[in-house]
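Structure, as structure tokens:
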Amino acid sequence: MANTETQSILVVGGGMSGLTTAIEAAEAGYDTYIVEKNPYLGGRVAQLHNYFPKLCPPYCGLEINFRRIKQNPKIRFFTMAEVESISGEEGNFDVKIRLNPRYVNEKCTGCGECAKACTMEIENQFNYGMDKIKAAYMPHAMAFPMRYVIDPALVKSDEAQKVKDACPYDAVDLDMEPKTMDLKVGAVVWATGWHPYDAAKLDTYGFNEFPNVITNVMMDRLAALSGPTEGKIIRPSDGKAPETIGFIQCAGSRDENHLPYCSGICCLASMKQATYVREQYPDAKIYIFYIDIRATDRLEEFYYKIKQDENIEFFKGKVAKITEDESTKGLILKVEDTTSEELREVPVDMAVLATGMQPNTAETPIPVQVPYDDYGFVASLDAAPGIYAAGCIRTPNNVSEVVQDGTAAALKAIQSIARR
Amino acid sequence: MEHKVAVYICTGCGIGDALDIEELGKVATSENSVPICKTHPNLCSQEGVELIKSDIAGEGANTLAIAACSPRVMYDAFDFENCIVDRVNIREQVVWCQKPNDEDTQMMAEDYLRMSLAKVEKMELPEPYQPEQEVSKNILVVGGGLSGMTSALEGAKAGYSVVLVEKEAQLGGFQNNVKQKVTFPYKDVQDNDIDNLIAAVTGHDKIAVYTGANIEKTSGAPGLFDVSIKANGSTVDHKVGAIVLAAGWKPYDPTKLDEKLAFGASDNVITNAMFEEMFKEEKIARPSDKQDVKNAAFLQCAGQRDPNHLPYCSSICCLTALRQACQVKAQNPDANVYVVYKELRTPGQAEDFYRKAQEDGITFIRCQDPEVKASGNQLTVEADDELLGEKVVLEDLDMVVLATGMVPVTAFGPDFSMEETEEGEEEKKKEEEEEDIIADIIRRSDILNLEYRQGPELPALRNDFPDSHFICFPYETRRTGIYAAGCVRRPMSTATAMEDATGAIMKAIQCVELTSRGAAVHPRVGDLSFPELFMQRCTQCKRCTMECPFGAYNEDEKANPLPNPTRCRRCGICMGSCPERIISFKNYSVDMIGSMIKAIEVPEEDEEKPRVLMLVCENDAYPALDMTGLKRMELSPYIRVIPLRCLGSINLVWIADALSKGIDGIILFGCRPGDDYQCHFITGSELAQYRLAKIAETLDRLVLESERVRVEEIAIIDWERIPEIVEEFMETIEEVGPNPYKGW
């Protein structure tokens, strides 16, 4: 297995687990490739405002990781890229990668002239569609790599040439086509992450119907300076400051009709988001409707701290239904108070659904046969000989756990290529 | 190395439109007699880079000041081997945040070029540290439980030799007592296969196992650790490069529990750990008389999630209780089994097992404060059931199992920082008063017995877990090359512990590989510079040995610092701590930053152009400053920014240098200190603040106002706040008036 050509590791997914695997392996001296489908690295954590329990910005850690990448020639990464197929065997895989066109080449300096020239707007995926951005755009404020992207819709439009001409560095390439690329690698680590469970499937919560029902991932964007409201938490219906907010735990999680498992992080995420609300609105009333608060290990101390806030009410009970007051766009949460067995109606200005984590492998499996559990999670770290699974495609995890997992996967991959 | 300096000015991205490039170039050519100074409209293009390369090849240029964009971008274009490279950030931090074609903007750009030229003059290319002894790539794993054995085996499978030390007579740790477990896919109980792991470890030719062994001492540093292992009456020495600490946990002492849980009042009140032992040895029976168990209750969070006992949650007790409850039920399907819980915690797929327990007929009672009453062999539990809203009395219980939590083995033993020193308590106290730095909690837990000046074990931050509490970098402990894994780090399940152990040995492998190349480990991975001490001027003040967050320095009997470069993380905190300024890196020194400060041109008072020096953390505050530029937010033109490796590397002499040359104010941007610190070097920003508290003396000596120096906490996402903070500081400076030292 000492084939030098295949002494490298392919990491699929440039989120926290994939980044970790690639960087950790490279720092031990191995060549790694990261294949990421977004135009930037960082995955879901790049979209978070703060981490719990330290309430610190994820970009602090991402910046260090990006610096580790920048100064390490052993790591190569491809954004807007996807794996099409994997063949071969442990120590000697052939991988086909599809590179989707960015329409901006490596000459881009990030100066922003293309965006200035562009008038077309598209939905901002980074902010979960809560605002619009120019069709020639930087994926987000601190995006790495710092390079613009041009939306295919703009390429097809009349404005395309104008945008191309605006670039002083000849970085806009409207003729870019999807390309495929072949890689020879010795091991593969699959770390494609998760997506939030589709809140539209929770039919009693009116997610798409009532503008003031949002999800937890959207809440983090609302609180972020780089988000759709420049960090102001306001009601989507009228831009007003909410006086009451309800966080609805287990929105689809621990529910056999939706996700039977527990996503592990949503309790802490809601408590973290309660601190966002509290910081902006010292008098706002916050409810957290829950079944069990799952704050394991030292995260318990964070829970303890949040409980000290008299205006945060932990309400044991599952919200059965959300209705809307059409005139005010306020919401009424129907919830069974399990301690008194009464059905109560709690009016709130805004509701945040703690939707769970669904593994991306449930929809896009690894292109080789590996065992999955009932929910689409990869059944074990050793998915198949030479192919490993890391991060939230194995189990719902918080960032710290994902880093552990990504680091472990790095070693497993090294074992596949470097048995000394 | 003889410096042949070359300056390159990019005029792209609006730079050429906003500045007088010819005048800027004169800073290099006329003022500093730099032999090569070139401009290019798009320096990062292939053509621009070729221009630089041809000067390197043809003219022997080896010291490059590149005035263009931020060093955070175009890093690959401007990467020139064997050259000193400084990036003068005139894009993000000048033209993108300043008025174009303005006198002040021009002065700013010119100052930055001056500062860069002063900087590169004081820089040398670092040469990697090569110790006299050969670097060992072997790894020591401390603890032969599930985590330790997993670490050892995974490391050996990657080709590394491992020394595994277990204090008990046999391998296996706590898992030896566990007959069955619940893990992925969490559908049912499974047999515990710890014996297979033991066999794999003992049978592996790359693993040397010592049982019944303890570590008498660990001296040295990463790559060069000397470990003395005492086993079977003799001592064996091993040289290792890195260490995985997987020493595990002990159950919380049940005799400390509240009386209402009745531990000790009846033999039939046992703990979850005692249950495992019983189940392993024989069938489940009433402890007092070995009769069948017909009724049993499991009480969760016994002495946990409780500020009077363990404030944290041990994470696994809910799942353990569910399993044990199912085991009782499996033995006697007619048994009445209750789980009394405050909050049931089965995250992830473990929820499936909770569902199974419900299906198996376990009764769940949600109660915050149950009480156990013992009378003879029979026990009663009284619980206010929150779901039913009434008091439930569980009578005729044969057994009550208390879910006590996990305590890391690092929690036992006296606190080293409270010990009397050999010289006597007086001196130690005096030192502490003087220093006013909160000492780390290091307990003499007799695990590693490190011969480190700062203490014999790993420092803990909270609840005695030797964790650095980084979310993004969970393996970073406060001792370089020593990585904690498993339940000594935080309470975790077996599945997580195995993964954690694999990750920890990965970090250990990385450490030996980097150390063997003379390169730093996290977070300045690959940095080849290291601190060098000019010992003739050392006054044995001990600041460097005490302040290093990673314990890199030992001391000889005369209190001379003994640096261990392979323990060093290259933050420069020691450099900042040294009042004699004897610590420097080849490419980072007190003199280098001092020269940059001295290179700033300070206009005369009547020009009414104040100057504010900003010393900023390069990890977070500097990127935030870039963002203000990227967002085209306007910043005061009077600031001059110098990034530091860590704000903790700040040396007070820089403040004096700046003030005595007429700079009106100094503002420092660092990370959040305290419990939820964000400093990448743990205590750096805290130490900076502590040092700054002492700046009053300097200011008094110069008869200057204290308002001239300020520290601000800046997180990487705080870019929006920066213009405000700077503006507010400029107003303060205006109120205080110009620095009277101008023009001296």
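The values are calculated or read from the model by the stated rules, or taken from the named source; none is laboratory data. All figures in this text were calculated on a predicted structure; none of them were measured in a lab. With ideal geometry, Cβ positions are generated from the backbone for all residues, glycine too; neighbour counts draw on all protein chains shown.
Summed over segment B:210-237, the residues that are assigned to a strand (DSSP E or B) and either among the acidic types (Asp, Glu) or buried (at least 19 other Cβ atoms within 10 Å of the Cβ) (or both) give a count of 10.
For B:CYS571, the criteria (1) farther than 24 Å from B:LEU117 by Cβ; (2) surrounded by fewer than 17 Cβ atoms within 10 Å (Cβ to Cβ) hold in every case but one, which is (2). Residues that are crowded, with 24+ Cβ neighbours inside 10 Å, in contact with a Gly (Cβ under 8 Å, 6 or more places away or on another chain) and under 20 Å from B:GLY594 (Cα atoms) within segment B:655-684 comprise B:GLY670, B:GLY684, listed in sequence order.
Taking into account only those residues within segment B:437-452 that are modelled with pLDDT of 95 or more and part of a loop (DSSP other than H, G, I, E, B), which is nearest to the other protein chains (Cβ to nearest Cβ)? Step by step, filter segment B:437-452, then rank; the result is B:SER445.
Just checking, does segment A:167-182 include any residue being β-branched (Val, Ile, Thr) and either farther than 24 Å from A:LYS54 by Cβ or not in a loop (DSSP other than H, G, I, E, B) (or both)? Within segment A:167-182, one or more residues are β-branched (Val, Ile, Thr) and either farther than 24 Å from A:LYS54 by Cβ or not in a loop (DSSP other than H, G, I, E, B) (or both). Taking the criterion of being within 14 Å of chain A (Cβ to nearest Cβ) and either surrounded by fewer than 24 Cβ atoms within 10 Å (Cβ to Cβ) or out of contact with any Ser or Thr (no Cβ under 9 Å at 6 or more places or on another chain) (or both), the residues of segment B:597-624 that qualify are B:VAL616, B:GLU618, B:ASN619, B:ASP620, B:ALA621, B:ALA624.
The residues listed here are B:ASP657, B:ASP675, B:ASP664, B:ASP700; of these, the one that is free of Cβ contacts under 8 Å to residues at least 12 places away in the same chain and among the charged types (D, E, K, R) is B:ASP700. Only one residue in B:GLY16, B:GLY25 is under 30 Å from A:TYR148 (Cα atoms), surrounded by fewer than 21 Cβ atoms within 10 Å (Cβ to Cβ) and in the same structural domain as B:GLU110 (by TED's automatic domain parsing), so which one is that? After ruling out the rest, the residue left standing is B:GLY16. Here is the figure for segment B:486-504: residues that are touching a Phe, Trp or Tyr at 6+ places or on another chain (Cβ under 8 Å) and of a type in the set (A, V, I, L, M, F, W, C) total 4. Residues in segment B:502-527 that are touching a Gly at 6+ places or on another chain (Cβ under 6 Å) and either more than 8 Å from every other protein chain (Cβ to nearest Cβ) or over 30 Å from B:ASP191 (Cβ atoms) (or both): B:CYS511, B:VAL512, B:GLU513, B:THR515, B:ALA519. Looking at this structure, is B:PRO491 away from chain A (no Cβ under 14 Å) and surrounded by 24 or more Cβ atoms within 10 Å (Cβ to Cβ)? No. Taking segment B:340-369 as the range and being at the interface with chain A (Cβ under 9 Å from one of its Cβ atoms), assigned to a helix (DSSP H, G or I) and not acidic (Asp, Glu) as the test, the residues that pass are B:TYR354, B:ARG355.
Here B:SER234 does not qualify as outside the structural domain of B:THR271 (by TED's automatic domain parsing), in contact with a Lys or Arg (Cβ under 7 Å, 6 or more places away or on another chain) and small (Gly, Ala, Ser). Can we say B:GLU532 is farther than 22 Å from B:LEU647 by Cα and more than 14 Å from chain A (Cβ to nearest Cβ)? No. Applying the selection to segment A:81-97, what residues are of a type outside the set (Asp, Glu) and either without any contact (Cβ under 8 Å) to a residue 60 or more places away in the chain or not in a loop (DSSP other than H, G, I, E, B) (or both)? Passing the criteria: A:ALA81, A:VAL83, A:SER85, A:ILE86, A:SER87, A:GLY88, A:ASN92, A:PHE93, A:VAL95, A:LYS96, A:ILE97. Do we find a residue being among the hydrophobic types (A, V, I, L, M, F, W, C) and closer than 17 Å to A:ILE291 by Cα anywhere in segment B:323-331? No, segment B:323-331 has no match at all. Taking helices (runs of 4 or more DSSP H) as the structural unit, those lying wholly within segment B:534-651 and holding at least 2 residues that are more than 30 Å from the chain's Cα centre (by Cα), of a type outside the set (A, V, I, L, M, F, W, C) and modelled with pLDDT of 95 or more correspond to B:590-599.
Count of segment A:224-271 residues, restricted to those that are within 14 Å of chain B (Cβ to nearest Cβ) and assigned to a helix (DSSP H, G or I), is 5. Of the helices (runs of 4 or more DSSP H) lying entirely inside segment B:18-137, those containing at least 3 residues that are in contact (Cβ under 8 Å) with a residue 24 or more places away in the chain and not aromatic (Phe, Trp, Tyr) are B:46-59, B:103-121.
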